[in-house]
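In what follows, a structure is listed as structure tokens, so that the remarks can point back to it.
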Amino acid sequence: MADAQPERRARDYEEEMSDSEGHTPNDSKNSANGLSLPVPATDRYGFLGGRQFTDPEEDKRVPPEILRKREIKWLDMFENWEKWMSKRFKKVKDRCRKGIPPAVRARAWQYLCGGKFQMELNPGKYEEYLRQTGDPKNLDDITKDLHRQFPNHEMFLSKGGYGQTDLFCVLKAYTLHNPQDGYCQAQAPIAAVLLMHMPAEQAFWCLVAICDKYVTGYFSPGLEAIQLDGEVLFGLVKKTSPAIYKHLKKQSVDPIMYMTEWFMCLFTRNLSWGCVLRLWDIFFCEGVKVLFRTALLVLRTVLGTSEKLAECPSFYETLEKLRLRQMPPELLDEEYITREALRINLTDRDMAREHQKQILRRRSTKEKGGKSDKKKKT
């Protein structure tokens with residue numbers, strides 16, 4: 001792989017992210033006549049419109065009596081968390097897969113990822129980061145991106161509002177916590193989702209946990225970790241969906257072209273909001289394997305039949321399908337995504353084996369490239 005390739009692809013990714021949600025809704029005041037305009041109603045997640053807006057008629061929420069029983073079970077687990085995680089983890093996993101009740105979701109995420117315990121071990125650290133100056137370039141980049149994060153959500157639609165202010169603080173703090181990686185644009189939607197559910201300090205420590213424990217190296221310069229996971233995904237596609245693999249291989253559709261946003265933003269820009277939350281519930285419990293399962297399911301749903309492959313005769317049609325601009329109906333259904341993704345036979349051992357295989361393949365490619373360069377010099 002050429003040395004310039006990661007940087008070029010990182011640049012392309014930054015441009016695509018800039019275009020994906022680059023418009024902010026009109027202010028609630030009419031600039032022409034100063035009259036107040038009616039504020040549209042939000043859905044149950046706080047969205048006023050856009051692709052994340054959830055139609056009330058499609059509400060498939062769990063009945064209140066069942067939801068309350070689940071809440072009580074989670075509250076009991078919080079009281080004895082270490083015991084549950086060490087001795088009854090399978091039950092915790094099952095309850096995450098059913099969907100964490102909204103009333104306890106924020107607390108559950110903090111317990112599952114360890115953000116709560118990191119915050120307790122570092123009292124005052126977040127405020128300390130906020131008092132520091134920060135790198136001017138990072139701060140400028142963060143400021144430019146604030147209006148792009150879920151501009152149709154009630155928290156983030158106002159410039160200088162509390163949502164954008166908290167988002168700036170969380171992202172700034174992370175650049176000081178991890179100056180080696182600094183700021184990456186894909187961190188912003190993740191931090192924004194966390195802020196929809198919890199206060200800024202708690203969101204910060206959850207972001208730290210996500211970056212350190214779940215998607216290690218994803219936001220480092222050069223995007224090497226995400227490229228490697230793209231190759232791992234492609235290897236898993238070859239194993240689980242040979243026809244799709246051959247189609248993508250024939251058309252030279254590189255995984256980095258379609259899975260970068262999926263993985264780096266944890267699908268927040270791609271799936272319906274109910275699906276995003278259900279995916280995150282499982283992700284915080286089971287880790288990055290959930291992203292691979294979801295990606296394999298998306299590929300099967302979009303390209304999984306001969307008819308669907310026939311609709312993509314060239315590189316451009318295939319890539320357009322994988323960018324999910326037109327969402328297949330199945331991918332709007334959180335029960336479908338959860339059920340079918342979990343049915344995919346993908347074990348930790350499969351993941352580790354494919355990961356090691358791709359590392360060795362990369363190493364071999366570099367060694368061959370090095371020998372070739374030496375021959376040219378001689």
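Worth pointing out:
- Of all residues in the stretch 310-338, those that are within 17 Å of Glu261 (Cβ to Cβ) and of a type in the set (Ser, Thr, Tyr) have Cβ atoms under 9 Å from Cβ atoms of residues that are open to solvent by 30 Å² or more (accessible area, probe 1.4 Å) and assigned to a helix (DSSP H, G or I), 6 or more apart or on another chain, in Thr318/Leu309.
- Selection status of Met257, open to solvent by 20 Å² or more (accessible area, probe 1.4 Å), within 23 Å of the chain's Cα centre (by Cα) and in contact (Cβ under 8 Å) with a residue 24 or more places away in the chain: yes
- Among residues of the stretch 114-159 being part of a helix (DSSP H, G or I) and among the acidic types (Asp, Glu), the one that is nearest to Lys213 (Cα to Cα) is Glu120.
- Of the residues making up the stretch 98-113, just one is among the hydrophobic types (A, V, I, L, M, F, W, C) and assigned to a loop (DSSP other than H, G, I, E, B), namely Ile100.
- Top-ranked residue in the stretch 54-75 [being open to solvent by 80 Å² or more (accessible area, probe 1.4 Å) and modelled with pLDDT of 85 or more; ranked as farthest from the chain's Cα centre (by Cα)]: Glu65
- Residue in the stretch 295-303 that is open to solvent by 20 Å² or more (accessible area, probe 1.4 Å), small (Gly, Ala, Ser) and on the phi < 0 side of the Ramachandran plot present: no
- Segments classed as helices (runs of 4 or more DSSP H), wholly inside the stretch 179-267, with at least 1 members that are touching a Pro at 6+ places or on another chain (Cβ under 7 Å): 224-240
- Leu157 among the hydrophobic types (A, V, I, L, M, F, W, C), on the phi < 0 side of the Ramachandran plot and open to solvent by 20 Å² or more (accessible area, probe 1.4 Å): yes
- Some residue of the stretch 82-97 being open to solvent by 20 Å² or more (accessible area, probe 1.4 Å), in contact (Cβ under 8 Å) with a residue 24 or more places away in the chain, part of a helix (DSSP H, G or I) and not basic (Lys, Arg): no
- Screening Thr175, Thr165 for residues that are surrounded by fewer than 19 Cβ atoms within 10 Å (Cβ to Cβ) and at pLDDT 95 or above leaves exactly one candidate, Thr165.
- Qualifying residue in the stretch 331-339 (condition: assigned to a helix (DSSP H, G or I), closer than 16 Å to Leu236 by Cβ, in contact with a helix residue (DSSP H, G or I) (Cβ under 6 Å, 6 or more places away or on another chain) and open to solvent by 10 Å² or more (accessible area, probe 1.4 Å)): no
The values are calculated or read from the model by the stated rules, or taken from the named source; none is laboratory data. None of the values given here were measured: they were computed from a predicted structure. FYI the Cβ positions are ideal-geometry reconstructions off the backbone, even for glycines, and counts take in every protein chain you see. Heads up: the accessible areas ignore ligands, DNA and RNA and are worked out on the full protein's heavy atoms, side chains in. Shrake-Rupley method; radii C 1.70, N 1.55, O 1.52, S 1.80 Å.
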